[in-house]
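One structure below.
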Amino acid sequence: MQLLLRPSMIRNMTPPTAGLLTPDGRGNGYGVSMTTGTFADDLATERSSELQPRELIVTIFGLYARAESNWLSVASVVRLMSHLGVDGAAVRSSISRLKRRETLEAHRHDGAAGYSLSKPTLDALAEGDVRIFDRKRAEIEDGWLMVVFSIPESERDKRHVLRTFLTRLGFGTTAPGVWIAPGSLVRETRETLERRGLSEYVDMYSAEHLGFGDLRTKVRTWWDLDALTTLYAAFLDKYRPVLERSTAGTLTPQDAFAEYVPMLTEWRRLPYLDPGLPLPLLPPGWNGVTAGRLFDELNAALSGPAREHAMRIIHQP
């Protein structure tokens, strides 16, 4: 493969600011990746793991706490989680774990015990809002973003951190130490690396594919599209019946909440594994497009009733 690097590095480009609001305009969406390690490890984890209570709790805080001055009482979280089939002991244990990880911070309001999202978590949620609710598929004309990095041996622990964030952004690898993503990810990559204090180790290049070999074939070696196809198929199989039930009008607000929070928690993983490659480079009939449409329909159908139920529980005396 030969890539042409355009004359200027894009380390110092100033991209336009992206909106961080969800479709309802209130900034109360949710999206944060829980994946770490290599892309293959991420996919294996996503295939094998069940949703953990702590993931559902973060989803609830991401959806509903930000609209409530970034605070929820412990009692309201326990009640909401009970409607997801999680008992109070597991909820309190998970909250304690999230506090130790500095995802949540303890605060009391009017004598009630509760928690807020930490500043780094709020930043991650804002990043995720764009990836989850404002997905943009790249075009061939966007070209490619290439990243190479050099980290001194004395700071080698940052190598894993940097690889983790590149993986979470959807980068593939063309060769050892050479990372690639659609050119449409320039802004998000730049902002993420700067926010995490990693930009000083990185050079970012704008590139074009000039040869050799078929680019569609190359893409299949840079990303595990078969594994992604399997993940999207599982999402479609699981949640098409939910949309049918919603369309039939058989879901109560509590039902909508019980379906929406796990659905969003499962979906949020996928946009961090799929970089939004141009359609001409993907297999014919790529089911990621179909899954994306299903998510949009589910979000439109369930988010309102789910919020109605959640607010009733949160404001319950």
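Since every read-out is calculated from the coordinates, none of them should be taken as a lab result. What you see is a predicted model; the values in this text were computed from it and never measured. Positions of Cβ are backbone-derived with ideal geometry, glycine not excepted, and every protein chain shown enters the neighbour counts.
Annotations
- Pair-distance distribution P(r) for the stretch 178-317, from all Cα-Cα distances in 10 Å bins starting at 0: 9, 30, 27, 21, 10, 2, 0 percent.
- Here the calculated FRET efficiency for Thr229 and Val74, from their Cβ-Cβ distance with R0 = 25 Å, stands at 0.05, rounded to the nearest 0.05.
- Cα-derived Rg over Rh, computed across the stretch 257-314 with Rh taken as Kirkwood radius: 1.11
- P(r) for the stretch 87-219, from all Cα pairs and a bin width of 10 Å, is 10, 32, 28, 18, 10, 3, 0 %, short bins first.
- Annotation for Ser96 and Glu139: the two label points, set 7 Å from Cα along the Cα-Cβ direction, are 5.4 nm apart.
- Each of the peptides 154-160, 58-64, 249-255 was scored by the mean count of other Cβ atoms within 10 Å over its residues; in descending order, highest first, they stand as 58-64, 249-255, 154-160.
- Over 29 Å between alpha carbons, listed pairs Lys218/Lys238; Lys136/Lys218; Lys99/Lys158; Lys99/Lys136: Lys218/Lys238; Lys99/Lys136
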